[in-house]
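Bear in mind that the values in this text are calculations on the coordinates, not laboratory data. All values derive from a computational prediction rather than experimental measurement. Please note: Cβ atoms are built from the backbone with ideal geometry, for glycine as well, and neighbour counts cover all protein chains shown.
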Amino acid sequence: MGCIDEMNYEILLPSSGFKECADFIKENFREVYYVPAGYKIFDSFLIGIPPIPVAVENDDVILTYVKPCHGSFVLRITSKQEVERLRTGKK
């Protein structure tokens, strides 16, 4: 996939704390999966306090992306492949 910064994404919650992003995902999406810190998605490792909530809505993955020195963001990225991987529990 490549670097998340180079992907086509939508920012749902900008420059926030990790807890605020995690709460946003849990409160606003029905289909939420909890993954450990270091979980690899989009060829990137997730950073955060485990368990990290990652939501799925249609063909979109909604996740907290921590960018050192810039804060945490909730991003929406379309990827049927990553949605299927989350749903089947594959690592």
Neighbourhood charge, 11 Å Cβ-Cβ cut-off, centred on Tyr65 and excluding it, Lys, Arg +1 and Asp, Glu -1: +1
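Report the FRET efficiency, 1/(1 + (r/R0)^6), for Glu57 and Phe18, where r is their Cβ-Cβ distance and R0 is 22 Å, rounded to 0.05. Numbers along the way, then the final one.
On the way: r = 21 Å, r/R0 = 0.94.
After rounding, the FRET efficiency stands at 0.60.
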Cα-Cα P(r), the chain, percent of pairs per 10 Å interval: 17, 59, 23, 0
Point-to-point label distance, Val66-Asp5, nm (Cα→Cβ direction, 7 Å offset): 1.8
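Using Cα pairs under 8 angstrom and six or more residues apart, how large is the relative contact order of the chain, in percent?
About 33 percent, as a whole number.
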Estimated dipole of the chain in Debye, rounded to 20 [Cβ of Lys and Arg +1, of Asp and Glu -1, Cα centre]: 340
